[in-house]
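Peer 1: Sending over a structure as structure tokens; questions will come in a sec.
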Amino acid sequence: MFIKHITIALAIGLLAWALYATIPPPVREILPDVPDYLAYDANAGVWVSPAGLRYGKDPNPRFKTRVDHLLSHTTPDDSKPYHSVFTGRDPIFLLKLIDEAWQARGPPERQEGVRPRDVYDIPMRRETGTKGQRGIRIVTESDTADFVIAYPVK
């Protein structure tokens, strides 16, 4: 009888763990400023913008997600020799701006390396950066819409 109860308890515990593992982390917890703009793709574990950009976890331990990393480009960082800053600080405004640029992109330039990436330089016809930049560079993993980073460029 005792073993039967332990078996049932273990089965319930495993079921609870399996259910918990498939529930996406609360968007509000990870991306507190953008819960309603991005859709969560539970199968891939990424947030997807209306334009199709896919924001996953960021490998840099300073950031929880690629969106978190993107939002770091809304404030100056004097510890970096080059760190461009977007004119808009509102997260939804910024995500919409990145989506607009993504939809206007042309063919990428391939950035070779350990992890090949695609680089898109998109002119925006208006100021996008605090130093007069009028374009946006979007970097994705090669041949995908998996977002790496975006920042203002001349």
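The values are calculated or read from the model by the stated rules, or taken from the named source; none is laboratory data. What you see is a predicted model; the values in this text were computed from it and never measured. Here the Cβ positions follow ideal geometry from the backbone for every residue, glycine too, while neighbour counts run over all protein chains shown.
Peer 1: Of everything in the range 90-120 that's of a type in the set (Asp, Glu) and touching a strand residue (DSSP E or B) at 6+ places or on another chain (Cβ under 6 Å), which residue is nearest to residue 70 (Cα to Cα)?
Peer 2: 118
Peer 1: Moving to a separate point now. Yes or no: residue 85 at pLDDT 60 or above, surrounded by 10 or more Cβ atoms within 10 Å (Cβ to Cβ), β-branched (Val, Ile, Thr) and under 19 Å from residue 141 (Cα atoms)?
Peer 2: The answer is no for residue 85.
Peer 1: Would you be able to tell me the number of residues in the range 58-67 that are crowded, with 17+ Cβ neighbours inside 10 Å and basic (Lys, Arg)?
Peer 2: 1
Peer 1: Return a yes/no flag: does the range 63-76 have any residue that is acidic (Asp, Glu) and touching a strand residue (DSSP E or B) at 6+ places or on another chain (Cβ under 8 Å).
Peer 2: No, that holds for no residue.
Peer 1: Please indicate, with yes or no, whether at least one residue in the range 91-100 is of a type in the set (Val, Ile, Thr) and under 21 Å from residue 40 (Cβ atoms).
Peer 2: Within the range 91-100, one or more residues are of a type in the set (Val, Ile, Thr) and under 21 Å from residue 40 (Cβ atoms).
Peer 1: Read through the list (1) over 26 Å from residue 40 (Cβ atoms); (2) in contact (Cβ under 8 Å) with a residue 40 or more places away in the chain, then give the number of the only condition that residue 82 fails.
Peer 2: Status for residue 82: all satisfied but (2).
Peer 1: Determine which member of the set 32, 25, 50 is assigned to a loop (DSSP other than H, G, I, E, B) and modelled with pLDDT of 60 or more.
Peer 2: 50
Peer 1: Can you tell me which of 117, 134 is buried (at least 17 other Cβ atoms within 10 Å of the Cβ) and not β-branched (Val, Ile, Thr)?
Peer 2: None of the others qualify; the one that does is 117.
Peer 1: Among 91, 116, 107, which is the only one that is on the phi < 0 side of the Ramachandran plot, out of contact with any helix residue (DSSP H, G or I) (no Cβ under 9 Å at 6 or more places or on another chain) and modelled with pLDDT under 95?
Peer 2: Going through 91, 116, 107 in turn, just one is on the phi < 0 side of the Ramachandran plot, out of contact with any helix residue (DSSP H, G or I) (no Cβ under 9 Å at 6 or more places or on another chain) and modelled with pLDDT under 95: 116.
Peer 1: Test residue 62 against the stated conditions and say whether it is touching an Asp or Glu at 6+ places or on another chain (Cβ under 9 Å) and modelled with pLDDT of 55 or more.
Peer 2: yes
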